[in-house]
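Everything on this sheet refers to the single structure shown next.
Read the figures in this text as sums done on the coordinates, not as results from a lab. Everything numeric here is computed off the predicted structure, so don't read it as measured data. Neighbour counts run over all protein chains shown; Cβ positions are idealised from the backbone, glycine included.
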Amino acid sequence: MTRLIPKKYFDAIMVLGAILFQLLWYIAHPSQEPIVRISHAFGVLAFLYLSLVLLIGPAGKLWPWATRLVYNRRHFGVFTFFLALCHGLLQDYLTFNFNVLALVGQWSDYRHAASFPFATLGLFALIVLMAMAATSWDWAVKLLHFTRWKLLHMCVYLAYTALIFHIWLGALAYTDWPVLKYLFDLLVGLVVLTHLGAALKVRSQQRKIRENTWNSTTKP
Amino acid sequence: MSEPERGSVVDGQNRAQPCLTREVLRKIHLVYFVLLALTLATVALIEILA
């Protein structure tokens, strides 16, 4: 039987990871204004954690040992939402003084990549994560019924896509660390390929089951 | 014979089946990730060429 990781240990690892990351970001950017540095670290960490959350599901399908992490996925996702919320609130305060309308309206040229309002993409992802965090409870699954609840939670893929472009057009367009771009591409590539691999594996397994059922029912 | 439920389709044996099944969700997931991979590869290629 697979041994599960108790929630309190998993929570401790998540919180410790967040504190360590803030310290690392502080060492890497000592001259940055503290509030800006903390906000950026929250944003990077939220994306990193969201990528890990998204890796758990397909990893469990590809490698059975990873299924034990599925038990901790919801907690991980809700914690990630709070990290993203901290980043969103701090950035909104720093740039727009908590004016959400200004956030959506600024650089309102949606036709060109260079002037695309990337903050809007981040806001969209934050709203999706908020809806998911609010429904990450057993009563929500019962209330919405599994397939509808699953469809809502599959919106995380839309949010993830929005975040990829939010980071590409925002933080990575202005970074002075080219290595960050490669690390980001590597992480996104890993998430996308793992999902494709798992989906294709499940598809082929189901085809085999269908063929076996068909053969057993049609045998004379 | 009873009427099929709203939001359902009728299978070969006239049983009401929900439209949104796990199988459909799996297909949406696969198609979405194929499209995402193609989009990201295209954007990366454009960036390399530019």
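Around the Cα centre of region A:154-215, unit charges on the Cβ atoms of Lys, Arg, Asp and Glu (plus for the first two, minus for the last two) sum to a dipole of about 460 debye.
Across peptide A:203-210, the average count of Cβ atoms from other chains found within 10 Å of a residue's Cβ is 1. Rounded to the nearest whole Hz, the Karplus-based 3J(HN,Hα) values (6.51 cos²θ - 1.76 cosθ + 1.60, θ = phi - 60°) of region A:75-91 follow the sequence 4, 4, x, 5, 4, 4, 4, 5, 5, 5, 5, 4, 4, x, 5, 5, 5, with x at glycine and proline. Per-residue extension of 0.36 nm, minus the Cα-Cα distance of B:Leu20 and B:Leu38, leaves a gain of 3.9 nm for this segment.
When the P(r) of chain A is calculated, the portion above 21 Å amounts to 63% of the C-alpha pairs. Residues in region B:36-50 carry Karplus couplings, in order, of 4, 4, 5, 4, 5, 5, 5, 4, 4, 5, 4, 5, 5, 5, 7 Hz; the curve used is 6.51 cos²θ - 1.76 cosθ + 1.60 with θ = phi - 60°, and Gly or Pro positions show x. Counting Cβ atoms of other protein chains within 10 Å of each residue's Cβ and taking the mean over peptide B:26-32 gives 5. Converting phi to 3J(HN,Hα) with the Karplus coefficients 6.51, -1.76 and 1.60 and the offset θ = phi - 60°, region A:179-191 yields 4, 4, 4, 5, 4, 5, 4, 5, 5, 5, x, 4, 4 Hz in sequence order, with x at every glycine or proline.
Other protein chain C-beta atoms within 10 Å of residue C-beta, averaged over A:148-154: 2. The residues packed around A:Met132, meaning those with a beta-carbon under 12 Å from its beta-carbon, carry a net charge of +3 if Lys and Arg are +1 and Asp and Glu are -1. With N counted as the residues of region A:29-133, its alpha-carbon radius of gyration over 2.2 N^0.38 Å works out to 1.27. Farthest toward the positive end of the dipole of region A:1-102, out of A:Ala46, A:Leu62, A:Phe10, is the Cα of A:Leu62, where the dipole comes from beta carbon charges about the Cα centre. Taken over region A:129-220, the ratio of Cα radius of gyration to 2.2 N^0.38 Å equals 1.63. Projecting the Cα atoms of A:Ser204, A:Leu144, A:Ala119 onto the dipole axis of region A:110-214, where Lys and Arg carry +1 and Asp and Glu carry -1 at the beta carbon, places A:Ser204 farthest toward the positive end. Take each peptide in A:85-94, B:25-34, count the other Cβ atoms within 10 Å of every residue, and average; sorted highest first, the result is A:85-94, B:25-34. Its Cα centre serving as origin, chain A has a Cβ charge dipole (Lys and Arg +1, Asp and Glu -1) of approximately 1380 debye.
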